[in-house]
Amino acid sequence: MTVTMTTMTAGLDNEDDRAVPSPCINVCRMDASTGWCEGCLRTIDEIAGWSLLDGDAKRAVWDAIHVRHAKLVANLPKVPR
C-alpha cells in the first residue's frame, strides 16, 4: 500500500473533532535528527497529546506535517536522468 499526503489527509475539512484522522500509519520510529516520527512526521509531544486535542489543534498538527513533508521532499537527493 502506498500512502500519500492525499490519502493521509482525507476528511480534514470536516469540522467534527472526531472526524480529524490520526496521521499514524503504524511506522513508529523517532528520527533523532528531526525529532519527528518517521511514519507520521509528528513530534513525540504531538503523538502523546493527540487524543486530547480538539479539531482545530489536530488540523494545526496536520498543517505542520504538510510543512515537514515538503521540507523532506525538497531535501531528497536529486536522481540523475
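The values are calculated or read from the model by the stated rules, or taken from the named source; none is laboratory data. Remember, predicted model here, so these are calculated numbers, not experimental data. Backbone-built Cβ (ideal geometry, glycine too); neighbour counts: all protein chains shown.
Residues of segment 44-74 that are assigned to a loop (DSSP other than H, G, I, E, B) and closer than 22 Å to Cys28 by Cβ: Leu53 alone. Does segment 13-25 include one or more residues that are surrounded by 10 or more Cβ atoms within 10 Å (Cβ to Cβ), outside any helix (DSSP H, G or I) and at pLDDT below 95? Yes, because at least one residue in segment 13-25 is surrounded by 10 or more Cβ atoms within 10 Å (Cβ to Cβ), outside any helix (DSSP H, G or I) and at pLDDT below 95. With the checklist (1) surrounded by 11 or more Cβ atoms within 10 Å (Cβ to Cβ); (2) modelled with pLDDT of 95 or more in hand, flag the one item Thr9 doesn't pass. Status for Thr9: all satisfied but (2).
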